[in-house]
Amino acid sequence: MELTVLARFPKLMLERAAEAGLDRHVLEQAAGLVETDLSDPDARIPSSKLRALWKEIILLMPDPLLGLKFGSSVHTTDLGLVGYILAASHTLGHAFQCLSRYGRILADDIQITLKHEHDTVHLEISAPLELAALRQPIVTRLASLLTVARELTEADLQPISARLSQPLPADAAPYREFFRTAVQFEAGTNSLTFAAR
């Protein structure tokens, strides 16, 4: 059974890519997307089409900060039903629990794990190797989690640490500026750590 993802995500990516000057029609063709795929944002499309779209965008826009830029532009409402569930949570911790529980509604190939450890909470994202190998989708997902958390709390939320499995970039400053914390690269995991309080 093929893995699927909500159509709202390729639709959002196409909008962001078009804003950056890429030809939406070219991207849709490269990803094998047709109009009916994107007409309903809550419809499910094969994850392979989303990966193909990522590959084409990365090819045409080789921006090392692409993942951060896409992730920082996500809003809670972009997550559809899951976004509304997060917005109704009484604490950020509860929102993270809901995200861990219902994350697969967003995409079958994403797993969000919430771990409590003494006075810290770890939010970890895992994905298939073929998606993780593209790097930018994972950075986007981690950055979007923090962006949504900041939107939910209406605060410049600062995690204790951020870990990314990707190699150390030539310029790590934009990552530190966005995450507002030390960022560990080549970490073997993609996660954010927060104070439990």
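Data table
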item	result
Those residues of segment 57-75 which are in contact with a helix residue (DSSP H, G or I) (Cβ under 7 Å, 6 or more places away or on another chain), of a type outside the set (A, V, I, L, M, F, W, C) and surrounded by 18 or more Cβ atoms within 10 Å (Cβ to Cβ), in sequence order	67, 71
Leading residue by the ranking (least open to solvent (accessible area, probe 1.4 Å)) among those in segment 183-197 that are of a type in the set (A, V, I, L, M) and touching a residue at least 60 places away in the same chain (Cβ under 8 Å)	192
Selected residue (criterion: nearest to residue 51 (Cα to Cα)) from residues of segment 89-148 that are open to solvent by less than 30 Å² (accessible area, probe 1.4 Å), among the aliphatic types (A, V, I, L, M) and in a strand (DSSP E or B)	107
Residue under evaluation residue 180, criteria (1) open to solvent by 30 Å² or more (accessible area, probe 1.4 Å); (2) touching a residue at least 60 places away in the same chain (Cβ under 8 Å); (3) more than 27 Å from residue 4 (Cα to Cα), criterion not met	(2)
Filter pass, residue 80 being on the phi > 0 side of the Ramachandran plot and open to solvent by less than 20 Å² (accessible area, probe 1.4 Å)	yes
Complete set of residues in segment 149-177 that are small (Gly, Ala, Ser), surrounded by fewer than 16 Cβ atoms within 10 Å (Cβ to Cβ) and not in a helix (DSSP H, G or I)	155, 170, 172
Residue within segment 4-22 that is open to solvent by 40 Å² or more (accessible area, probe 1.4 Å), within 17 Å of the chain's Cα centre (by Cα) and free of Cβ contacts under 8 Å to residues at least 12 places away in the same chain present	yes
Which numbered condition residue 91 misses (of (1) among the hydroxyl-bearing types (Ser, Thr, Tyr); (2) over 17 Å from the mean Cα position of the chain (by Cα); (3) over 30 Å from residue 155 (Cα atoms))	(3)
Selected residue [open to solvent by less than 50 Å² (accessible area, probe 1.4 Å), closer than 30 Å to residue 172 by Cβ, assigned to a helix (DSSP H, G or I) and in contact with a Cys (Cβ under 8 Å, 6 or more places away or on another chain)] from 86, 27, 50	86
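The values are calculated or read from the model by the stated rules, or taken from the named source; none is laboratory data. As the structure is a prediction and not an experimental result, all values here were calculated from the model. Cβ coordinates were reconstructed from backbone atoms using ideal geometry, including for glycine residues, and neighbour counts include every protein chain displayed. All accessible areas refer to the heavy atoms of the entire protein, side chains included, with ligands and DNA or RNA removed. Shrake-Rupley method; radii C 1.70, N 1.55, O 1.52, S 1.80 Å.
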